[in-house]
Amino acid sequence: VAYPAGGEAMAPVTDAALLREVQERYNTGPEYFLYVGTLQPRKNVGTLVRAFAALARNRVLPPQVRLVLTGKQGWLPDELSRALAEADLGERIVLPGYVPDTDLAALLSGAIAFVLPSWYEGFGLLVLEAMACRTPVICSNVSSLPEVAGDAGLLFDPHDVGALARAMERVYGEPDLRRTLVQRGEGRAVAFGWPRCAQQVLTALQQAGSGV
């Protein structure tokens, strides 16, 4: 198996002015959890909304912390609409729509964590792209995601709103955990890089050509 890798433009953005500009453009505020992807049932975004709402209601997260859900509206939006209505958090939950790649690295770099609560992912490329941007990753423990994230992501049961809320609370409140996830994530992103993918493909072709 030759695993793919993230886009080469996905790298840490450290320019404070650029980070501030992108955050103002998408109304994220300076502190935010970030989801990236189509807003559809397979992505389980409603569970993320409910977890964030629980943390906000219980004042585990201060008022300035927001949840940013980027991406186009997908099919069957009712479940997410219900979760947003129940949360009733106003501007603390931001839906900026589609974000182009030119802004994505900055959004990832400025986030508290990238959260992917999916029921199913064919691969989970954004996990690696977040790690390449030195962003902690919280993701589901199902389908391909544990294989991609390894020990560099904080995994949770996507059926369990409380488990996701606890993971988000830990990443926000434990600087040592954030540093550990960032360090492991950088190594994980390199391990899944395009040079390794190309070498694996070349080796397979050479073996096929030699009849091995």
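On the stretch given as region 199-212, residues that are open to solvent by 60 Å² or more (accessible area, probe 1.4 Å), without any contact (Cβ under 8 Å) to a residue 40 or more places away in the chain and in a helix (DSSP H, G or I) total 8.
Report, by residue number, each residue of region 84-137 that is β-branched (V, I, T), in contact with a helix residue (DSSP H, G or I) (Cβ under 9 Å, 6 or more places away or on another chain) and open to solvent by 10 Å² or more (accessible area, probe 1.4 Å). Quick ask: steps written out before the conclusion?
Our first condition is that a residue be β-branched (V, I, T); within region 84-137, this holds for 93-94, 99, 102, 112, 115, 127, 135, 137.
Narrowing further to those that are in contact with a helix residue (DSSP H, G or I) (Cβ under 9 Å, 6 or more places away or on another chain): 93, 99, 112, 115, 127, 135, 137.
Of everything in region 84-137, those that are β-branched (V, I, T), in contact with a helix residue (DSSP H, G or I) (Cβ under 9 Å, 6 or more places away or on another chain) and open to solvent by 10 Å² or more (accessible area, probe 1.4 Å) turn out to be I93, V99, I112.
Do we find a residue being open to solvent by 40 Å² or more (accessible area, probe 1.4 Å), free of Cβ contacts under 8 Å to residues at least 12 places away in the same chain and either over 19 Å from N44 (Cβ atoms) or in a loop (DSSP other than H, G, I, E, B) (or both) anywhere in region 139-151? Checked region 139-151: no residue is open to solvent by 40 Å² or more (accessible area, probe 1.4 Å), free of Cβ contacts under 8 Å to residues at least 12 places away in the same chain and either over 19 Å from N44 (Cβ atoms) or in a loop (DSSP other than H, G, I, E, B) (or both). Given the structure, is A11 free of Cβ contacts under 8 Å to residues at least 12 places away in the same chain, among the hydrophobic types (A, V, I, L, M, F, W, C) and open to solvent by 20 Å² or more (accessible area, probe 1.4 Å)? Criteria not met by A11.
Residues A56, A105, A85: which one is free of Cβ contacts under 8 Å to residues at least 12 places away in the same chain and more than 24 Å from V142 (Cβ to Cβ)?
On the way: A56 fails: free of Cβ contacts under 8 Å to residues at least 12 places away in the same chain; A105 fails: free of Cβ contacts under 8 Å to residues at least 12 places away in the same chain.
Just a single option satisfies the conditions, and that option is A85.
There is at least one residue in region 19-36 that is closer than 30 Å to V201 by Cα and open to solvent by less than 60 Å² (accessible area, probe 1.4 Å).
If the condition is being buried (at least 23 other Cβ atoms within 10 Å of the Cβ) and of a type in the set (F, W, Y), then region 152-173 contributes only F156.
The values are calculated or read from the model by the stated rules, or taken from the named source; none is laboratory data. The structure displayed is predicted, hence computed values, not measured ones. When we count neighbours, we look across all protein chains shown, and the Cβ atoms used for this are built from the backbone with ideal geometry, even at glycine. Areas reflect the complete protein model, heavy atoms only, side chains present, ligands, DNA and RNA absent. Shrake-Rupley method; radii C 1.70, N 1.55, O 1.52, S 1.80 Å.
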